[in-house]
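Data first, discussion second: the structure below is written as structure tokens.
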Amino acid sequence: TARRPRKVAQTSVAQFASELKVPPSVLLEQLRAAGVDKRVPEDPLSEHDKSRLLEYLRRMHGSADAKNKITLTRKHTSEIKKADATGKYRTVQVEVRKKRVFVKRDPADATAAAAAADAPPAPAAPSINEKELELREEETRRQQQLAELQAAELKDKQERERKEVEQKQAEQKAAEAAAAAPAPAGATTLHAPKTADAKTDKKAKKPKTTTVLRDDSARRRTIKTRGDAGGGIGGWHGRGRGGHHRSAPSSAGEQTTFAQPSEPQVRDIGVPETISVGELAHRMSVKAAEVIKVLMKLGTMATINQVLDQETAMIVVEEMGHKAKPAKLDDPEAYLAEAEPEAAAADAKPRPPVVTVMGHVDHGKTSLLDYIRRTKVAAGEAGGITQHIGAYHVETPRGVITFLDTPGHEAFTAMRARGAKATDIVVLVVAAEDGVMPQTIEAINHAKAAKVPLVVAMNKMDKHEANPDKVKQELLTHGVVPEEYGGESPVVPVSAKTGQGVDNLLEQILLQAEVLELKAAVDAPARGVVIEARLDKGRGPVATLLVQSGTLNRGDIVLTGAVYGRVRAMLDENGKTVQAAGPSIPVEVQGLSEVPSAGEDMMVVADERKAREIALFRQGKFRDVKFAKQHAAKLELFGQIGEGDKKVLTLVIKADVQGSQEALIHALTRLGTDEVKVTVVHAGVGGITESDVNLAMASRAVIIGFNTRADATARKLAESSGIQIRYYNIIYEAVDEIKAALSGMLAPERKESVIGMVEVRQVFRISKIGTVAGCYVLDGTVKRSAQVRVLRDNVVIHTGEIDSLKRFKDDVREVKAGFECGMSLKSFSDLKEKDQLEVFEVLEVARTL
Ligand code: GDP
């Protein structure tokens, strides 16, 4: 296939038109408009003519940008046969797009730019190396095709989807191009309307190219390659890859200019909970390096295999100009959504209220819960062992009430933090002789934040110090308006000691519940929440589940978080075996695969296989999420250390039950400030083991044991490695101690105190020594070790240290008011007469939180 030789000595209008890929008629039109008189395509075209054309086009369409650069795109298409996965041969349309951007440096270059439509710069003799260039292009193209083929071979069905979208776009584009060609005379363009001119182009100089992109051929699979990125202008080149550079005017009205023709394509990118950098890049059809670059700009160093959490990934996607959509790919949980019975609401029946008791320490929460339980719980058969399962229900003549008996707002908040809403009503215990205290206020705030109504139990009414009016006043000032003052909160005087008023309290709770119109389906698969969970030596994982709707039966398959299992045994709060539990009823179940997390949602799944599948999926997901989050935390830490001063107290927390673990994490991490931070590297339920100590060693953490102890090996290891283990059984003790530790870590506060004032009376410039000022101490003292601020007209112009302080010829430590002295300052020699020097010292003061 011989290449047709081209005349290169002088360009004709036709040749230039073909170079520019516009029909000669259009070019002639433009030349005429530019004042260059050419009539027929055979007319010769000088460099001068070209530059005049360029000037004209610029005047007509030039934007600020367009004045300085020209972007030319060119597209080659060819066909390749290749075997696909099934072994069948397929014709693949390969489209090679080339883009060149010429930047104008000075007006003289404009000519070059105009002429350099195709050949790289060297426009004065545009075609000396034409052949070589073409060969090279051919070669590049072939290599690109090869690379593309290999890539195509590798990409699996995921890729297919993407291509189909492209194919559609290609079709659309082909149609567009067809509509636009021949280009209307008014549409000035240097970009070829491709369909029509591809042919011309080929006839003119590329007879070898095998295929012309016909309209129907667009329907075939199209692979696109971005050509050499000749010009580096314009941000994200990568973004356009796989998208389409528009090279044809899409409508007659559109005036294409010299501006870069690539239009960034905005796509919807599905971002799962975790995604690797590589995969994210793949989804955006950019190189991983581009993603890494963006991450770097965001201050994160990442590798291609690094897993990003959803939030970070979404930021990257948005940064790169696409739309991020949180996606759940291959998520079997979709199954759950489908399986969810919608009719459940239809047969909803009233259900008992679930109550949490909150209040200040020692105001009688535990006593009240115990009293109610002792006297009201369906008086268990004689000898029935009451056991603590984290919740119990009482039956009163007016109805059933369920109490969560982990009092305190930590557990309540920790649950809420997990998104669980287990509580319908909060009973706020306030000791009548003590009144509203800090934790009372916190409890009020928590209840308010959760939009849960309050019933106040004004406790210890049996004491004669009791002052109910004072309590009500205090409640009022904190936004709790007692009913008798026209508010919404009943205030019930009670005594947990004598039992006085407790019945009334229960009644008030039920009245509040009536207002709330609590309802739940009964004849439906159970849904609920994990109240508490632990590992029992004999029985394995046990969990207290609060059924919130439906009915939980023995033998049901339960799924909670990444844990599942068949309910083997079900006990109520009296340790009595039950067969079923309806809405608002707590039960302790056995048979789960692992210890679930408190506050986790629980549901019954019909199919055990499905439950396992979802649990496994969640395990993987949780691991990934956890890992991604941990990693993020590390980076954060790294950043802070980099910034300088943030100190970190790292903790490993082990607790007896999930509830106290959550409560501790919550309470302790909250202690952090801008300067000191509490990080929990690990938290779990159970004794402190060797691996906990190892982790503490690795992360230089302190171990906190809450109602748990270290086993012998762990103890030994901790001793030998100097790891601190601290035991607590009251959360507030732990909080107070950690607070103290943090105070010790706070950088001492720096306080300045001004100790003297000095005036400059005379300035000597001594060649080898520098500026020495003859001064007079107006006030206080000037000390050699102090610092000074130079004030000129009461404006601080310098702050720094004193270099030397002299009385006559002698170095001195200090000079008092009323004396003269000689001074020079470190790294400041611009002292002038009348300058004043404010002398100050910096004191360090220890701080507490
Ligand atoms: P909590 O910290 O809120 O759980 O408070 P507790 O239930 O542990 O009670 C703290 C102290 O107050 C205990 O010594 C109880 O005996 C006492 N107490 C609780 N309720 C009453 C009450 O109604 N009357 C009297 N006199 N003492 C009470």
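The values are calculated or read from the model by the stated rules, or taken from the named source; none is laboratory data. A quick note: this is a predicted structure, and the numbers were derived from the prediction, not measured. Please note: Cβ atoms are built from the backbone with ideal geometry, for glycine as well, and neighbour counts cover all protein chains shown.
A few points about this structure:
- For segment 475-516, a tally of residues being touching a residue at least 40 places away in the same chain (Cβ under 8 Å), surrounded by 15 or more Cβ atoms within 10 Å (Cβ to Cβ) and aliphatic (A, V, I, L, M) returns 10.
- Leading residue by the ranking (surrounded by the fewest Cβ atoms within 10 Å (Cβ to Cβ)) among those in segment 800-840 that are outside any strand (DSSP E or B) and of a type in the set (D, E, K, R): K809
Each row is one residue, and each column tells you yes or no for (1) within 16 Å of the ligand (Cβ to nearest atom); (2) assigned to a helix (DSSP H, G or I); (3) of a type in the set (G, A, S).
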site	(1), (2), (3)
E442	yes, yes, no
V456	yes, no, no
K463	yes, no, no
D469	no, yes, no
G479	no, no, yes
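- Filtered residues of segment 719-728 (kept if touching a strand residue (DSSP E or B) at 6+ places or on another chain (Cβ under 8 Å) and farther than 19 Å from D656 by Cβ): I723, Q724
- Check on R789, touching a Ser or Thr at 6+ places or on another chain (Cβ under 6 Å), surrounded by 14 or more Cβ atoms within 10 Å (Cβ to Cβ) and over 30 Å from V648 (Cβ atoms): yes
- One residue alone among E833, E841, E814, E801 is under 30 Å from A740 (Cα atoms) and of a type in the set (D, E, K, R), and that residue is E841.
- Considering only residues in segment 444-454 that are in a loop (DSSP other than H, G, I, E, B) and among the hydrophobic types (A, V, I, L, M, F, W, C), the one that is farthest from L505 (Cα to Cα) turns out to be A450.
- Residues satisfying the stated conditions in segment 570-591, i.e. closer than 20 Å to V377 by Cβ and either surrounded by fewer than 22 Cβ atoms within 10 Å (Cβ to Cβ) or charged (D, E, K, R) (or both): L571, D572, E573, N574, G575, K576, T577, V578, Q579, A580, G582, E588
- For I797, the criteria (1) within 16 Å of V754 (Cβ to Cβ); (2) in a strand (DSSP E or B) hold in every case but one, which is (1).
- Residues considered: V515, V502, V481, V529. Of these, the only one that is touching a Pro at 6+ places or on another chain (Cβ under 9 Å) and either at pLDDT below 90 or among the aliphatic types (A, V, I, L, M) (or both) is V515.
- Qualifying residues in segment 352-370 (those that are touching a helix residue (DSSP H, G or I) at 6+ places or on another chain (Cβ under 8 Å) and either more than 18 Å from L511 (Cβ to Cβ) or not β-branched (V, I, T) (or both)) - the one farthest from the ligand (Cβ to nearest atom): P352
- Complete set of residues in segment 481-526 that are assigned to a strand (DSSP E or B), more than 16 Å from the ligand (Cβ to nearest atom) and of a type outside the set (D, E, K, R): P482, S489, A520, A521, P525
- Within segment 351-362, residues that are closer than 14 Å to A496 by Cβ reach no partner that is acidic (D, E) and within 9 Å of the ligand (Cβ to nearest atom) with beta carbons closer than 7 Å at six or more positions or on different chains.
- Some residue of segment 682-695 being over 24 Å from Q658 (Cβ atoms) and touching a helix residue (DSSP H, G or I) at 6+ places or on another chain (Cβ under 9 Å): no
- Selection of segment 533-553 for residues being farther than 24 Å from G582 by Cα and either hydrophobic (A, V, I, L, M, F, W, C) or surrounded by 24 or more Cβ atoms within 10 Å (Cβ to Cβ) (or both) yields only L535.
- Annotation: A740 fulfils all but one of (1) more than 30 Å from L664 (Cβ to Cβ); (2) touching a Ser or Thr at 6+ places or on another chain (Cβ under 9 Å); the unmet one is (1).
- G780 vs. criteria small (G, A, S), in contact with a strand residue (DSSP E or B) (Cβ under 6 Å, 6 or more places away or on another chain) and surrounded by 14 or more Cβ atoms within 10 Å (Cβ to Cβ): yes
- Here P438 clears all of (1) within 16 Å of the ligand (Cβ to nearest atom); (2) modelled with pLDDT of 85 or more; (3) surrounded by fewer than 18 Cβ atoms within 10 Å (Cβ to Cβ) except the condition numbered (2).
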